[in-house]
1. Restricting to the range 75-120, what's the tally of residues that are under 17 Å from residue 140 (Cβ atoms), in a helix (DSSP H, G or I) and either within 15 Å of the chain's Cα centre (by Cα) or modelled with pLDDT under 95 (or both)?
2. Do we have residue 68 as outside any helix (DSSP H, G or I) and not small (Gly, Ala, Ser) here?
3. Restricting the search to the range 107-154, which residues are within 22 Å of residue 170 (Cα to Cα), surrounded by 20 or more Cβ atoms within 10 Å (Cβ to Cβ) and touching a Ser or Thr at 6+ places or on another chain (Cβ under 9 Å)?
4. Could you give every pair whose Cβ atoms fall below 9 Å, whose first residue belongs to the range 43-71 and is free of Cβ contacts under 8 Å to residues at least 40 places away in the same chain and more than 14 Å from residue 158 (Cβ to Cβ), and whose second residue is among the basic types (Lys, Arg) and in a loop (DSSP other than H, G, I, E, B), counting only separations of at least 6 or pairs across chains?
5. Under 7 Å between Cβ atoms, which residue pairs at least 6 apart in sequence (or on different chains) link something in the range 110-128 that is among the hydroxyl-bearing types (Ser, Thr, Tyr) with a partner that is surrounded by 19 or more Cβ atoms within 10 Å (Cβ to Cβ) and in a helix (DSSP H, G or I)?
6. Any idea how many residues of the range 40-53 are farther than 15 Å from residue 148 by Cβ and either of a type in the set (Ser, Thr, Tyr) or under 12 Å from the mean Cα position of the chain (by Cα) (or both)?
7. State all residues of the range 115-167 that are of a type in the set (Asp, Glu) and farther than 20 Å from residue 26 by Cβ; if no residue qualifies, say none.
8. May I ask you to list the residues in the range 28-59 that are exposed (fewer than 13 other Cβ atoms within 10 Å of the Cβ) and small (Gly, Ala, Ser)?
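The values are calculated or read from the model by the stated rules, or taken from the named source; none is laboratory data. Only a predicted model underlies this, so the values are computations on that prediction, with no experimental measurement involved. Cβ: placed from backbone, ideal geometry, glycine included. Neighbour counts: every protein chain shown.
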Amino acid sequence: MSERPIVTFVCTGNAARSVMAAALLKNRLGEAGPIDVRSAGTLVLPDQPMSIRTRTALERHGLKDPWHRSRQLEEADVAISSLILAMEPLHIQWMRRRLPRALPISGMLKHVVRELPLIGGATLDERVAALSLAEHEVQAWEEVIDPGSGQQPAFDLCMDELAGLVDELIPSLLPE
């Protein structure tokens with residue numbers, strides 16, 4: 001188990017949104033930074049590389065992740081994660097059905113970006129617990145739109161949105 005808190009980004013196929021968000025956070029914090037960053041999906045074709053459109057969107061921001069392979073979110077991820085950040089309401093619904101133990105640490109990225117800074121506490125685990133994520137009713141505004149069926153401009157817009165969200169999230173993740 002990692003001594004650093006683990007933040008896991010989740011999207012559907014672990015091929016676009018979660019990959020982009022994880023690459024951004026890893027880049028901003030450094031590979032050996034204070035947070036261990038991972039990604040996974042809820043409906044994955046295992047061991048697939050990211051799409052060329054995701055790779056191109058990453059490259060626009062000066063990022064690469066040539067070793068990425070898609071992987072399914074599993075109970076083991078829940079057991080070691082301090083925070084699981086979902087991209088759309090269906091991901092939380094999937095967790096309710098398949099991984100209910102994930103609910104106390106699983107929230108929509110946009111919701112957590114907005115609410116986590118308001119929570120005091122010594123550790124990320126304590127601040128996440130104070131969010132009461134299992135009781136949160138997801139709202140439509142919290143979704144990060146899936147660029148999956150779109151062309152490159154949709155991926156670029158998604159990457160730009162995620163870059164802003166990750167930048168807003170970072171101060172809340174780090175210890176005070």
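1. Going through the range 75-120 one residue at a time, the tally reaches 10.
2. On the way: outside any helix (DSSP H, G or I): yes; not small (Gly, Ala, Ser): yes.
For residue 68, the condition - outside any helix (DSSP H, G or I) and not small (Gly, Ala, Ser) - is met.
3. 112, 113, 116, 124, 127, 128, 133
4. Qualifying pairs under 9 Å: 44/71; 46/69; 46/71; 47/69; 47/71; 48/69; 49/69.
5. none
6. Summing the residues that are farther than 15 Å from residue 148 by Cβ and either of a type in the set (Ser, Thr, Tyr) or under 12 Å from the mean Cα position of the chain (by Cα) (or both) in the range 40-53 gives 1.
7. 115, 125, 126, 135, 137, 142, 143, 146
8. Those that are exposed (fewer than 13 other Cβ atoms within 10 Å of the Cβ) and small (Gly, Ala, Ser): 30, 32.
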